[in-house]
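Below: the structure, in structure tokens.
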Amino acid sequence: MRLRLIYLALAIWGAVHPMYWFLTHMRETGTGLSGLVDAWYVNASTTGLTWDLTIAAVALTVWVLAEVSVRRNWLALVAIPATFGIGVSCGLPLYLYLRARPVT
């Protein structure tokens with residue numbers, strides 16, 4: 001039970017903290033979402049990080065789909081839109097939280 005709460009806290013932190021910086025960037029530059037996406041490719045370092053997170057998001061999605069098909073924990077599918085809509089920092093701990101729930 002304690003581990004589940006840690007996963008939930010990490011999922012919330014992984015949603016709120018990065019989003020704060022994304023919104024700060026968009027507010028400061030006035031470029032909106034398209035400007036944020038452009039910033040992901042501004043140099044080799046950010047491009048590498050963007051691809052690193054994209055590959056991690058795809059790997060997490062494959063894992064979620066594989067496990068959901070076996071475990072039939074359909075609620076865990078919400079980790080996929082959380083991963084691509086918010087980020088891996090939210091999607092992964094959210095999936096671990098949902099995966100760790102007691103089986104009934």
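Here are a few things to note about the model shown:
- Sequence-distant contacts, meaning Cα pairs under 8 Å at least 6 residues apart, place the relative contact order of the chain at 40 percent.
- Among Thr29, Thr83, Thr54: highest mean-square fluctuation, GNM of the chain, C-alpha pairs under 10 Å: Thr29
- Label point 7 Å beyond Cα of Tyr41 along Cβ direction - residues of segment 54-97 with amide nitrogen under 17 Å: 54-55
- Between Leu65, Leu49, Leu94, the residue with the greatest mean-square fluctuation in the GNM of the chain (Cα pairs under 10 Å linked by springs) is Leu49.
- Against the main long axis of the alpha-carbon atoms of the chain, helix 44-71 sits at an angle near 20°.
- Working note: 222 nm ellipticity from helices only, DSSP H runs with n ≥ 4, each -39,500 (n - 2.57), summed and divided by the residues of the chain, gives -26500 deg cm²/dmol to the nearest 500.
- Long-range tail of P(r) for the chain (Cα pairs > 17 Å, %): 58
Quick note: the coordinates plus some simple rules give every number you see, no bench work behind them. Keep in mind that this is a model prediction, so the values were computed, not measured. Here Cβ is always computed from backbone atoms with ideal geometry, including for glycine, and neighbour counts include all displayed protein chains.
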